[in-house]
Structure formats: C-alpha cells, structure tokens
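Accompanying notes for the structure given below.
The values are calculated or read from the model by the stated rules, or taken from the named source; none is laboratory data. Source: prediction; values computed, not measured. For neighbour counting, all protein chains shown are included, and Cβ atoms are generated from backbone atoms with ideal geometry for every residue, glycine included.
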Amino acid sequence: MSRLQLAIDQVRVVRKYTTELLETIPESDWFRQPAEGVTHVAWQVGHLAFAQYRLALVRVRGELLGDTELIAPGFVDQFGKGSNPSADATQYPQPSEIRTVFERVHEQVLSELPSLPESDLDTKLDPPHRVFDTKLGAILWSAEHEMLHTGQIGLLRRLFQQGPMW
C-alpha cells in the first residue's frame, strides 16, 4: 500500500470515528457549554471542517477560486484559527449547516487526494507548519488534528451525562 493510500485511510478512519460520536449528540446540545467560554460541539465541528480544508486541500494543492463554494469566508472567520466559541447560538449557522460543510469538505478531500502524485508527498511547504513541513505531513496532521478535537467532543458528550460508547 502506498504512503498516500495509508494517509487517506487514516483520514477516513478518523472521520468515521468522529461521525459515529456526533451521531450520539442531539443538535439541541450542539451549543451547550458545560462551563462558560470553554467550547461546544458546533464550534468543534466547524473548526474541523475549516482545518481539514486548510490542511488537506489548501496546504496540498493551494487555494482555488471555487473554494468559496466549498467553504465560505464567513465560515472560516467563525471557526478558523484564532476564533473562540461563543455560547450565543445565533452567531452561528444551524448545526445541520455546519455538518453540511463538514461533510462537503471531507468529500472534496477524498475526491482530490487520490490523484495526488506520490512524488509530491515529500514536497516541502512554505511556510512550514510547526508540526509538519511536507504535503504528506499536512494530510497526516489533518487526521491527527481531527482526533484531538474529537476527543474534546467526546469529553463534552460525557459532560452531558452520556455514557461511554464502548
């Protein structure tokens, strides 16, 4: 199996785990914060959509003109680096809209990555990220970053008095 296929499989496995977890959390809890100013599921999911877009698409193939159809600039502002979760649900799209962007970005990643030449995986990125410096590193960090935030979603779920899934 190629390194690219291993990375794509990792992205798929992590997303499957995240999706299974999200399916156990009612939308009515998506903006619930167990402690003021900490985080909520809606922000976590929106942030994951933003991060996967930036890591597995922009860092790998650059930004394209049609990307605003994939993820709107306002969405990037709400969920991107430096944004902070707000308890005010009216500041955000509905959970179903957030979930749509989350899924749309993921589908685009799975659509584009298989055509990436294996020889491009070791291409150095400029500027490098503090965790990786190649296209392969960006793809792998996309999955690892998602798992980190999925852990936060899992903790929120438990704080909502939901029992363990396994």
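Values as computed for the structure displayed
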quantity: Residue, nearest to ARG104 (Cα to Cα), within the range 62-84, restricted to residues that are at pLDDT 95 or above, assigned to a loop (DSSP other than H, G, I, E, B) and not small (Gly, Ala, Ser); calculated: ILE71
quantity: Inter-residue pairs, beta-carbon under 7 Å, first in contact (Cβ under 8 Å) with a residue 40 or more places away in the chain and in the range 58-78, second among the aliphatic types (A, V, I, L, M) and crowded, with 17+ Cβ neighbours inside 10 Å, 6+ apart; calculated: ARG59/ALA138; VAL60/LEU116; VAL60/ALA138; VAL60/ILE139
quantity: For LEU64: the one exception among (1) exposed (fewer than 14 other Cβ atoms within 10 Å of the Cβ); (2) touching a helix residue (DSSP H, G or I) at 6+ places or on another chain (Cβ under 6 Å); calculated: (2)
quantity: VAL13 assigned to a helix (DSSP H, G or I), under 16 Å from the mean Cα position of the chain (by Cα) and over 19 Å from TYR92 (Cα atoms); calculated: yes
quantity: Options PRO164, PRO114, PRO95, PRO127: the member that is surrounded by fewer than 19 Cβ atoms within 10 Å (Cβ to Cβ), touching a residue at least 24 places away in the same chain (Cβ under 8 Å) and out of contact with any strand residue (DSSP E or B) (no Cβ under 7 Å at 6 or more places or on another chain); calculated: PRO114
quantity: Answer residue from the range 138-166, given it is touching a Ser or Thr at 6+ places or on another chain (Cβ under 9 Å) and not in a helix (DSSP H, G or I) and is farthest from ARG59 (Cα to Cα) among those; calculated: GLN162
quantity: Within the range 16-45, considering residues that are without any contact (Cβ under 8 Å) to a residue 40 or more places away in the chain and outside any helix (DSSP H, G or I), the one nearest to GLU112 (Cα to Cα); calculated: GLU23
quantity: Restricting the range 77-86 to residues that are surrounded by 14 or more Cβ atoms within 10 Å (Cβ to Cβ) and out of contact with any Phe, Trp or Tyr (no Cβ under 6 Å at 6 or more places or on another chain), the residue that is nearest to PRO34 (Cα to Cα); calculated: SER86
quantity: Filtered residues of the range 87-131 (kept if of a type in the set (S, T, N, Q), within 16 Å of ARG32 (Cα to Cα) and assigned to a helix (DSSP H, G or I)); calculated: THR90, GLN91, SER96
